[in-house]
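The values are calculated or read from the model by the stated rules, or taken from the named source; none is laboratory data. For clarity, every value in this text was computed on a predicted model and none was experimentally measured. Using ideal geometry, Cβ is built from the backbone for each residue, glycine included, and neighbour counts are taken over all protein chains shown. Side chains included, ligands, DNA and RNA excluded: accessible areas come from the protein's heavy atoms. Shrake-Rupley method; radii C 1.70, N 1.55, O 1.52, S 1.80 Å.
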Amino acid sequence: MKPYEIIQQLAATNSRLEKISIIQRAAETENSDFFAGVRLALDKDTKFYVKQVPDNHANHYAGEGLSWEDFVALADSLSEREVTGNAALDAIETAMKESTLIEWNLWYRPILRKDLRCGLDLSTLNAAVGKDSDYYIESFKCMLAKDSKDRLDKVLSGRKALDIKYDGVRTLAVYEPGKTIVLYSRNGKVFRNFKKIEESLTKMLQGTLQSIVLDGEVVSASFNSLMTQVNRKSDANADDALYVMFDIIPLQDFKAGMCKISYEKRQFGLSEFVDHWLDELPNITRTNPRYVDFNSPDGMSEYEKLKVEVLEAGYEGLVVKDPNCWYYCKRHEGWSKIKPFIEVSLIVKEVYEGEKGTKREGTFGGFICEGVDDGKNIKVRVGGGFSDVMISEYWANQNKIIGMVAEVRADAISNDSDGNYSLRFPRFKCFRGFKKGEKL
C-alpha cells in the first residue's frame with residue numbers, strides 16, 4: 001500500500017485497537033517508507049524549522065509525483081538547516097508542484113507540519129510494533145514524582161533528601177557538544193522563548209565534551225505571566241525567567257529511559273557544573289536539597305520545620321527523594337511530592353454562564369471539566385481562580401477554550417454515594433498546552 005493509503009485507513013477509525021492492527025499489517029509487509037515518514041513526523045528530535053507548509057488544493061498544482069528519496073532529501077536539507085528562509089519556502093513549493101495532490105496533502109505536507117492528522121501518536125505506534133522493532137521510536141519522558149498520599153509512613157522513613165517543589169514550568173535542557181542547546185517541556189515540546197536562559201547555559205557548558213540533560217523548572221515572579229510568555233509566538237519577554245536545576249543525566253541514559261547513577265551522586269555532578277557560575281549568570285541556579293534522617297529523633301522535627309518554611313515562602317511544597325534512587329524516565333516512587341493541595345489536568349468540556357444575582361450574571365461563570373486522574377473519572381465545575389481579564393477573555397472566546405487542557409488545583413478528590421468523582425474547592429491554575437488536547 002502507498003503510505004498515504006495507510007494514513008487514510010488510520011484517519012477513518014477512532015479505535016486504538018484498529019489503528020494498532022493497521023500499523024501491524026504495515027509492519028508485516030515491511031512498508032519502510034511509511035515508517036520512515038512516521039518517524040520524521042513523530043520524532044521530537046527531528047525539526048524542519050518551517051512555520052507554514054502550503055496546502056495543494058485540487059485546482060492548484062497537480063504534479064506527476066515526487067519520489068520518496070527526493071522528499072527525504074528535502075526533509076534532510078530543512079532539518080540540517082542547509083536551506084532556510086525564502087530558499088526553504090521555494091524548495092517546499094517546488095516539491096509541492098512535483099507531487100500528486102493526494103501524496104502531498106495526505107503524506108508529505110503532514111510530515112513537514114509534524115502532524116499526520118490521523119490520530120497516530122507515539123504510544124499507539126510503539127504499542128503496535130514493540131520495543132524490539134526497528135520501527136519503535138523512543139518517546140520523550142522525564143522522571144516524575146508520585147503523590148505521597150496513602151504512603152506517607154513509607155516516604156518519611158530512613159535517610160531522604162528534601163527538595164523544594166517550585167511553581168513553574170518543568171524544563172529539560174539538552175546539550176550536545178557542537179550543537180545549540182534546546183529546551184524542552186516534560187513532554188518534548190520545544191521552548192523557544194527563554195533566550196536568556198539558553199545564553200547562560202551555553203556559557204556554562206562551553207567546552208563540555210559530554211552530552212547531557214539538565215532537569216529543572218523555569219520560574220518567574222508570576223506563574224500566569226510565565227505561561228503567557230511560554231505560549232507567545234512573537235514578542236515574548238521572558239528575561240526575568242530563572243532556570244532552577246535539580247538534576248543532571250547523561251544524554252544516552254536519558255534516551256535509554258534510565259540512569260543508573262544514584263540521586264546523591266548526580267547532585268555532586270550538578271554542583272560541579274553549576275556552582276562556579278551562580279554569581280556570574282543571573283538566569284540560572286540550582287536547588288540545594290537538605291538531607292534528613294527520619295529514623296533519628298531530629299529528622300521529623302527538621303522536616304516539619306522545613307515544610308512550614310517553604311509554604312510561607314510561597315513554594316508549592318516539598319519533594320522527598322531517595323538518595324540512592326536511579327533516574328527513571330517515568331513516574332517513580334523514588335521521588336514523592338508533598339503538597340497541601342492536589343493538581344489535576346482535565347479537559348474543558350463546556351463554558352457556563354455566571355449565576356443570576358451574582359456579579360458574573362450574563363458573562364463567564366467557569367468551566368465544566370472532565371478527565372481521568374489516578375484511575376478516577378472526574379467531572380467538576382471550576383468557577384474559582386479567574387481574574388477579571390480572564391473572565392472577559394474566556395467569555396469572548398468560548399469555542400477556542402473547549403477542548404483545552406486545564407490545570408485545576410483543589411484540596412482533594414471527592415466522591416458521592418453513586419461513585420461519581422469530583423474535586424473539593426477546585427480553582428483554575430492555567431492551561432497546560434499550546435493547543436486543544438495538548439499538555440506540556
**Q.** Meets criteria (open to solvent by less than 60 Å² (accessible area, probe 1.4 Å), part of a strand (DSSP E or B) and in contact with a helix residue (DSSP H, G or I) (Cβ under 6 Å, 6 or more places away or on another chain)) for residue 351
**A.** yes
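Being out of contact with any Leu (no Cβ under 9 Å at 6 or more places or on another chain), open to solvent by 50 Å² or more (accessible area, probe 1.4 Å) and modelled with pLDDT of 95 or more, is that true of even one residue in region 247-263? Before you say what the answer is, go through the steps one by one.
First, the residues of region 247-263 that are out of contact with any Leu (no Cβ under 9 Å at 6 or more places or on another chain): 250-253, 255-263.
Next cut, open to solvent by 50 Å² or more (accessible area, probe 1.4 Å) only: 252, 255-256, 258, 260-261.
Checking which are modelled with pLDDT of 95 or more leaves us with 260-261.
Yes - at least one qualifying residue is present in region 247-263.
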Q) Among the residues of region 24-49, how many are in contact with a helix residue (DSSP H, G or I) (Cβ under 6 Å, 6 or more places away or on another chain) and within 30 Å of residue 213 (Cβ to Cβ)? A) 6
Q: Select from region 1-20 the residues that are open to solvent by less than 80 Å² (accessible area, probe 1.4 Å) and either part of a helix (DSSP H, G or I) or in contact with a Gly (Cβ under 9 Å, 6 or more places away or on another chain) (or both) and list them in ascending order.
A: 3, 4, 5, 6, 7, 9, 10, 11, 13, 19, 20
Q. Out of all the residues in region 384-421, which are farther than 11 Å from residue 348 by Cβ, out of contact with any Asp or Glu (no Cβ under 9 Å at 6 or more places or on another chain) and crowded, with 17+ Cβ neighbours inside 10 Å?
A. 385, 386, 391
Q: Pull up region 330-343, narrow it to residues that are farther than 26 Å from residue 258 by Cβ and out of contact with any Gly (no Cβ under 7 Å at 6 or more places or on another chain), then point me to the one that is surrounded by the fewest Cβ atoms within 10 Å (Cβ to Cβ).
A: 341
Q: Among the candidates 389, 382, 372, single out the residue that is at pLDDT 90 or above and either under 27 Å from residue 217 (Cβ atoms) or small (Gly, Ala, Ser) (or both).
A: 382
Q) Does residue 64 count as in a helix (DSSP H, G or I), among the acidic types (Asp, Glu) and loosely packed, with under 13 Cβ neighbours inside 10 Å? A) no
**Q.** Filter result for the condition that a residue is open to solvent by 10 Å² or more (accessible area, probe 1.4 Å) and over 30 Å from residue 431 (Cα atoms), over 119, 158
**A.** 158
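When you look at residue 214, is it of a type in the set (A, V, I, L, M, F, W, C) and farther than 14 Å from residue 245 by Cα, yes or no? Working first, answer last.
Working: of a type in the set (A, V, I, L, M, F, W, C): yes; farther than 14 Å from residue 245 by Cα: no.
No, not satisfied.
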Q.
I'd like the full set of residues that are open to solvent by 70 Å² or more (accessible area, probe 1.4 Å), touching a strand residue (DSSP E or B) at 6+ places or on another chain (Cβ under 7 Å) and over 21 Å from residue 220 (Cα atoms), limited to region 303-329.
A. 326
Q: Identify the single condition in (1) crowded, with 17+ Cβ neighbours inside 10 Å; (2) of a type outside the set (Asp, Glu); (3) in a loop (DSSP other than H, G, I, E, B) that residue 177 does not satisfy, given that it satisfies every other one.
A: (1)
(Q) What's the total number of residues in region 21-35 that are farther than 24 Å from residue 66 by Cβ and not in a helix (DSSP H, G or I)? (A) 0
Q | Cross-chain or 6+ apart pairs with Cβ under 7 Å, region 353-372 first and in contact (Cβ under 8 Å) with a residue 60 or more places away in the chain, then assigned to a loop (DSSP other than H, G, I, E, B) and open to solvent by less than 50 Å² (accessible area, probe 1.4 Å) | A | 366/383
